[in-house]
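**Student:** My questions all concern the structure below.
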Amino acid sequence: MSNIIWKIKTFEEFTVPELYQVLKARVDVFVVEQNCPYPDLDDYDQKAIHIWAEENGKVLAYCRVFDKGIKYHETSIGRVLTTENARGKSLGKLLIQYAVETIENRFHTSEIRISAQDYLLKFYAGFGFEDTGKKYMEDDIPHTEMLKK
């Protein structure tokens with residue numbers, strides 16, 4: 001795990017190979033693995049800052065973050081994933097740490113709203129996210145809105 005490179009880029013800064021690998025990781029995890037046909041290409045990537053870990057050109061962990069007023073009134077983190085062969089190496093924890101730091105540094109706020117899959121509520125609580133009580137089904141997967149202040 002020593003050749004891991006972390007990248008933080010806007011949409012315009014992506015190289016074509018990077019964009020391909022990020023989209024491939026998202027489809028592999030959310031569409032194929034979670035058996036969930038949904039429109040991953042939602043026209044929000046252009047407004048996001050993308051954060052990911054890669055090794056030998058392959059994406060290991062990824063998320064995207066948004067400034068206030070794009071997805072929610074607050075800033076937000078979404079499309080959080082760790083690819084199958086990269087799990088159990090604490091990359092998800094580093095990813096969320098980097099996402100929170102990126103939001104604080106670029107958007108100058110610590111208020112972040114996320115839509116968490118329910119099995120990850122405890123994981124996100126470890127970063128100071130609190131259950132808002134707003135629960136819903138999205139693509140047959142239970143989600144809860146969480147807020148970090």
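**Student:** If D43 satisfies every condition in (1) of a type outside the set (S, T, Y); (2) part of a loop (DSSP other than H, G, I, E, B); (3) modelled with pLDDT under 95 but one, which is the exception?
**Tutor:** The one condition D43 does not meet is (3).
**Student:** Looking at F107, F66, F14, which is the one that is touching a Gly at 6+ places or on another chain (Cβ under 9 Å) and among the aromatic types (F, W, Y)?
**Tutor:** Selected residue: F66, the only one of F107, F66, F14 that is touching a Gly at 6+ places or on another chain (Cβ under 9 Å) and among the aromatic types (F, W, Y).
**Student:** Can V100 be described as at pLDDT 95 or above, in a strand (DSSP E or B) and within 20 Å of K7 (Cα to Cα)?
**Tutor:** Taking the combined requirement at face value, the residue does not satisfy it.
**Student:** Mind checking whether some residue in segment 126-146 is closer than 17 Å to R64 by Cβ, within 17 Å of the chain's Cα centre (by Cα) and exposed (fewer than 13 other Cβ atoms within 10 Å of the Cβ)?
**Tutor:** yes
**Student:** Every residue in segment 53-69 that is touching a helix residue (DSSP H, G or I) at 6+ places or on another chain (Cβ under 6 Å) and either among the acidic types (D, E) or over 18 Å from A116 (Cβ atoms) (or both), please.
**Tutor:** Hits for segment 53-69 are A53, V59, L60, D67.
**Student:** Still on this structure: Checking the structure you have, find out if any residue of segment 113-133 is within 30 Å of V16 (Cα to Cα) and touching a residue at least 40 places away in the same chain (Cβ under 8 Å).
**Tutor:** yes
The values are calculated or read from the model by the stated rules, or taken from the named source; none is laboratory data. A quick note: this is a predicted structure, and the numbers were derived from the prediction, not measured. For neighbour counting, all protein chains shown are included, and Cβ atoms are generated from backbone atoms with ideal geometry for every residue, glycine included.
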